[in-house]
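These notes concern the structure reproduced below.
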Amino acid sequence: MADGTGGGRISGPRPSPSFRQVGIVASLTPADRRRPPLGRGATPFWFLLPAVLITAGVVLVPVAQTAWLSLQDYLLYDPDNARFVGLGNFAKIIRDEVFWISLGQSFIWIVGVVGLQFLLGLVAALLLNQSFWWRGLARSLVIIPWALPSVIIGLMWTWMYDFNLGVINDIALRLGLIAAPIAWLARPDTALYAIMLALIWQGFPFFAVTILAGLQTVPAELYEAAEIDGATARQQLFYVTLPSIADVIATALLLRTIWVANSLDVILVMTGGGPGYATHTLPLYAFLRASSSMEFGYGAALALILTAMLLGVVFLYVRRAARGIEA
Amino acid sequence: MERRTFIKLAGATALATPLARPALAQGTTTVRWWYHFDNPQHSPAELVAKFEAGNPGIKVQAESIPWGGGNDYQTRLFAALVAGNAPDCAMVRLSWAARFQQMKALAPIDDLIAGWAGRGDIADNIWTINKGADGKQYYLPLQYVVLYLYYRQDLFEQAGLKPPATFEDFRSAAKALTKSDVSGFGLRGGAGGFDHWGPFVLGGGASFEKGGMVSEKALAANRWFVELTSKDKVVPASAPTDSFRQIVDSFKAGRTAMTIHHVGSANEIVGVLGDKVSAVPVPRGPDGKGWTYFGDESNAVFAVSKAREAAFKWCAFLSTAENNVVLNKFTGQLPIATSAAKDWTLHPKRFVDASAASLPFAASLPDSPKTPDFIARIWPANMQRALLGQIQPDEMMRAIEQHFHG
């Protein structure tokens, strides 16, 4: 890259002020410049107001309500006797064995699912970026798992894993890989990983498609230059391809981490959190306490803890997104 | 028509319409009813049309609510009640009654039942089971099922066995019938499986009274039940999470020789196994005591309803003989009206007989606000852990005792 075709920032004249800046500056009188009137200076904010109000209505109000609920002992079937308990729910959560089990499993769930979805997606994207005669069809087919509803995926995989009638046991038996059928979803040592596999299958197309889009933006000259410099295919992958799509990968990883951390539908359909607590994750546990037990206060506190943990990831994502806007 | 005349006429019509509407609508009461059928393709439209024809002043708005193992339906109903958007009446279960009472969602309907001609067509013991804790009636019975034991007649005959009447008969038969690819008993350890645990543990001496789960008898009965999996190994390896679909399909596929369910699955099972399958009441414990689950379904009229009497009329209509038969065609359960049950032909007789023979010792779960959580969360989590050896069977019983009595 010594020829300066890529890499470094483009140097040139300072960018001129944006259209908005020019417009505002040009319309200001000398008096305005000293103290801009509220009406004119606030115009952009008036335009933003409807969006802010809608966001507040559908996001901030429920969040505030959840926070308020988390401080109460609120049973859905006994709303008249709801009482303020301060941080009582959180203190109870710290002593709750199931919370810690769910937290540990959430960690395995997020790292395992997102990590493997990414690896599989990357491999699929690299393959789909090659030239072969049925590439168009392959690109369409790969999206199918992503397009299926989670409940269908949960049911489909439940039957594939079925102890008596499942296709996975059947094939493994015929191939001599196992001597007897395995109850994949009923064994605490396999249940969580079996569900993770289903979710990895569902989510890898997201990475494949996103990374594929990123790959198509990498200039061909970079590869030509690398080839001239004698780079092997592996070197091209690590020194050209991956650095060029690093931004895309980072954004996709952050987004998917947030989604996977929150997802509970496939687990709910496949095992309901069992056997025992073997497939409990934090969002599922919060859901079960709110839905089955109708303990809305306790469920809200669990959900808030999950939200607080995810805020770090959300912050990183928002910072990246904001950088994109500023650039 | 001239333009001016047209405008005059249009204006007059526009003015007259809102005036005419109240006159037409006067006297019409709308009853919102929530229901669930296992088969979503079934619709109560035929019953609604018949009712509306016989009761011109009442419109019924029947709303199908997803059942979701009971949890979805229940949560939506309670959420609707809290939000002030509850239906006038809905299909309900006895195990929710205490929660309804706690939120004052129901009002007694004794006065309305007293004036209903179909009252005498429902057996006295059903009215007794359906009574509230204060002795008043809040529910109008609609249909029922009783859990019994399905067994493979052919396999029993080949092994020279009789259908089990006691726990020990049951264990011996399960052991004898367990082969490499067949398990003696299709145990349900997943959602709803308390109705497999109940016959052996509640029937073996446990109870929901204070201390009833941790008595010597109760603990011994639960250990015995867990040993069917851990020691005797007469259940499939998937039993800890098997639910309705798995136990029925395994039984149909010949992978299990016995299982416990109700008449609702009889036609489906007979469709595959024919005369190879029959049913008897669940076995009884060492002291002759038995317990099986009375799967009830009633209608309740909510206290907030502004159409209390019209809603009751609709519910009473559904529990009346011939209408009750039509409804049970859709739900696959048994009619609550005695006259309708007499000539019941929708299920093979042997399964209806097994249901009737189980009624004397059938019971529902305790009338407590904690019962739904016991069914949905406490029982499955602890049962599965006990079956998998993650906790001792006694710990499971202590967790249930703790749940109900602190």
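Laboratory data are not the source of any read-out in this text; all were calculated from the coordinates shown. Small disclaimer: the values here were computed from a predicted structure and weren't measured. All Cβ positions, glycine included, derive from the backbone under ideal geometry; neighbour counts span all protein chains shown.
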Quiz item: In percent, what relative contact order does region B:223-329 have, based on Cα pairs under 8 Å that are 6 or more apart in sequence?
Solution: 10 percent
Quiz item: Relative to the Cα centre, what is the charge dipole magnitude of region A:126-265, using +1 at the beta carbon of each Lys and Arg, -1 at the beta carbon of each Asp and Glu, and rounding to the nearest 20 debye?
Solution: 320 debye
Practice problem: Quick one: compute the contact order of chain A, relative version, from alpha carbon pairs under 8 angstrom and 6+ residues apart, as a percent. | Solution: 26 percent
Exercise. Using only Cα atoms, tell me the angle between helix B:3-25 and the longest principal axis of chain B; keep it within 0 to 90° and round to the nearest 10.
Key: 50 degrees
Exercise. Treating the angle as unsigned and between 0 and 90°, give the value, to the nearest 10°, between the Cα long axis of helix B:71-83 and the longest Cα principal axis of chain B.
Key: 40 degrees
Practice problem: Would you please calculate the Kirkwood hydrodynamic radius of region A:159-202 over all C-alpha pairs and express it in Å, rounded to one decimal? | Solution: 10.7 Å
Exercise. Relative to the longest principal axis of the C-alpha atoms of chain B, give the angle of the C-alpha long axis of helix B:167-177, reported between 0 and 90° and rounded to the nearest 10°.
Key: 80 degrees
Exercise. Calculate the spin-label point distance for A:SER131 paired with B:LYS50, positioning each point 7 Å from the Cα along the beta-carbon direction, and give it in nanometres.
Key: 7.2 nm
Quiz item: If you rank B:PHE361, B:PHE194, A:PHE315, B:PHE225 by fewest surrounding Cβ atoms within 10 Å, what's the result?
Solution: A:PHE315, B:PHE361, B:PHE194, B:PHE225
Practice problem: Enumerate the lysines that B:LYS59 could reach by cross-link, defined here as Cα to Cα under 25 Å, with residues fewer than 8 away along the same chain left out. | Solution: B:LYS50, B:LYS306, B:LYS313, B:LYS329
Self-check item: Over 28 Å (Cα to Cα) - which of B:LYS175/B:LYS210; B:LYS233/B:LYS289; B:LYS179/B:LYS289 fall in this group
Solution: B:LYS175/B:LYS210; B:LYS179/B:LYS289
Quiz prompt | Fewest-first ranking of B:LYS289, B:LYS179, B:LYS313, using other Cβ atoms within 10 Å as the exposure measure | solution = B:LYS179, B:LYS289, B:LYS313
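How large is Rg over Rh for region B:80-229, taking Rg from the Cα atoms and Rh as the Kirkwood inverse mean of 1/r across Cα pairs? Walk me through the numbers before you get to the answer.
Details: Rg = 20.9 Å, Rh = 19.2 Å.
Radius of gyration over Kirkwood radius for region B:80-229 works out to 1.09.
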Self-check item: Separation in nanometres of the label points that stand 7 Å from Cα toward Cβ, at A:LEU311 and B:ARG350
Solution: 6.5 nm
Exercise. Report relative contact order for region A:212-321 in percent, whole number only (criteria: Cα-Cα under 8 Å, sequence separation at least 6).
Key: 21 percent
Practice problem: Report the FRET efficiency, 1/(1 + (r/R0)^6), for B:GLN61 and B:VAL272, where r is their Cβ-Cβ distance and R0 is 45 Å, rounded to 0.05. | Solution: 0.70
Quiz item: Where in chain A are the DSSP H helices whose C-alpha atoms run 15 Å or more along the long axis and whose mean Kyte hydropathy is at least 0.0?
Solution: A:43-55, A:97-128, A:150-161, A:191-215, A:246-262, A:296-326
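Averaging over all projection directions, find the projected area of the Cα convex hull of chain A and quote it in nm² with one decimal place.
Working: hull surface 106.9 nm².
With every direction weighted equally, the projected area is 26.7 nm².
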Quiz item: If each of A:PHE84 and A:ASP96 carries a label point 7 Å out from its Cα toward its Cβ, how far apart are those two points in nm?
Solution: 2.2 nm
Practice problem: Count the DSSP beta bridges whose two residues both fall in chain B, then state the antiparallel fraction as a percent rounded to the nearest 5. | Solution: 60 percent
Practice problem: Report, to two decimal places, the Cα Rg of chain B normalised by 2.2 N^0.38 Å (N = number of residues). | Solution: 1.15
Quiz item: Ranking A:THR279, A:THR217, B:THR75 by Cβ neighbours within 10 Å, fewest first, what do you get?
Solution: A:THR217, B:THR75, A:THR279
Self-check item: Nearest-0.05 FRET efficiency for A:VAL52 and A:ASP247, computed from C-beta distance (R0 30 Å)
Solution: 0.60
Quiz prompt | Viscosity 1.002 mPa s, 20 °C: Kirkwood-radius Stokes-Einstein D of the protein assembly as shown over Cα pairs, µm²/s | solution = 71 µm²/s
Exercise. State whether region A:124-282 is rounded, prolate or oblate according to the following rule on the C-alpha gyration tensor (a ≥ b ≥ c being the square roots of its eigenvalues): a/c under 1.5 gives rounded; otherwise a/b larger than b/c gives prolate, and the remaining case gives oblate.
Key: prolate
Practice problem: List the aspartates and glutamates whose Cα lies under 17 Å from the Cα of B:LYS136, skipping any in the same chain that are fewer than 8 positions away. | Solution: B:ASP110, B:ASP111, B:ASP124, B:ASP367
Quiz item: So what's the net charge close to A:VAL269: Lys and Arg +1, Asp and Glu -1, counting the other residues with Cβ under 14 Å from its Cβ?
Solution: -2
